[in-house]
Amino acid sequence: MTETETMSGKDVADELLLDYASGALPEPVSVLVATRLALRPELRAECAAFEAIGGHLLEEIEPVSLKRSAFDAVMAEIAADEDDGTADRAAGPVDAETGALVPEPLRSYLGGPISGLAWRTRGPGLEEFRIPSPDARFEMSLLRIGPGRTVPSHRHDGDELTLVLDGAFSDVNGRYGRGDLAVNGSDDLHAPAADPKDGCICFAVTGGPLKFSNPLIGLYDRLTRR
Ligand code: ZN
C-alpha cells in the first residue's frame, strides 16, 4: 500500500467507531471496538460525535432521519453485551487477573480465565490463544508476547486489528499501550516488539478485508480532512 492510497491507522480507527455506531460491523470487529470503548471511555464521546455528524448529514441527505440516537444504541449494546454475554458465555467466576485485563464484551468470548486458556506457543516468547470466532471470515486471537520479544516480520491474509489489553508493543508506526489499536492492511509487513519490561497481551482480529459499509464515511472524510 502507498500513503496516498491507504488510510492511516488513526483514520481506520475513527471509521471503525463510526461503523460501530451504525451497527455495520461484523461481530468480531464489533467485539474489538466495544472492548476498546470499555478500555478507553473517552472514545465514547468521539463515537457520539461521529454519530451526531452522521445523523446531521443523514438529515440533510435524506428526509428519513435517524431519530434514535445511535450513541444510545451503542451504549445499550454495550450494556446488553455486558449482561447477556456474562450470563450466556462466561464459564465460571472471573479471577482477578482476567477481570483486570479483559473487559467485556471480550471477556465472555474467552470462555474462562486467562491463566487457564489453551495457550499455544507460536515462537520464542510468543503465545496465542485462538478464540472461537462467531464469523468464519475473521479469526480472533489473544496474543501474549514476552518482555522484549519481537514477533518475526509477517503479513496476514486480510487486515489485522490489534488491540492492546496489557503492556505495550512498538512497530514502525509507533508505540501502542493499553486501549490503543494498531491497524495493518493485508500488504503491510510488520514486526511488533513487546515492551522490554511488561511484554504485551493483545486481542487481534484478522480477516476481511474490512470494507467500510457506511456511505457517510466518504462524506465525513471530505468534511473533516485538513
Ligand atoms: Zn500481525
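Every number here is computed from the coordinates shown, using simple stated rules; none is lab data. Because the structure is a prediction, the values reported are computed rather than measured. Note that each Cβ is placed from the backbone with ideal geometry, even for glycine, and that neighbours are counted across all protein chains shown.
Quick notes on this structure:
- Our coupling estimate for the stretch 124-129, obtained by passing each phi through the Karplus curve with A = 6.51, B = -1.76, C = 1.60 and θ = phi - 60°, is x, x, 10, 10, 10, 10 Hz, Gly and Pro reported as x.
- Under 13 Å, Cβ to Cβ, from His190 - net charge with Lys/Arg +1 and Asp/Glu -1: -4
- Distances between placed amide hydrogens fall under 5 Å for Arg149 paired with Ala194, all partners being 5 or more residues away or on another chain.
- Rounded FRET efficiency, nearest 0.05, which uses the C-beta distance separating Glu27 from Ala96 and R0 of 30 Å: 0.60
- Taking amide H atoms as placed 1.01 Å from N in the peptide plane, the amide H of Asp166 lies under 5 Å from those of Ile201, each 5 or more residues away in sequence or on another chain.
- Segment Arg122-Ala136, extension gain: residue separation times 0.36 nm, minus the distance between their alpha carbons: 2.9 nm
- Summed side-chain charge close to Pro152 - residues other than Pro152 whose Cβ falls under 15 Å, Lys, Arg +1, Asp, Glu -1: -2
- Note that the stretch 96-108 has calculated 3J(HN,Hα) couplings of 5, 4, 5, x, 6, 8, 10, x, 6, x, 4, 3, 5 Hz, one per residue in order, obtained from phi through the Karplus relation 6.51 cos²θ - 1.76 cosθ + 1.60 (θ = phi - 60°); glycine and proline are x.
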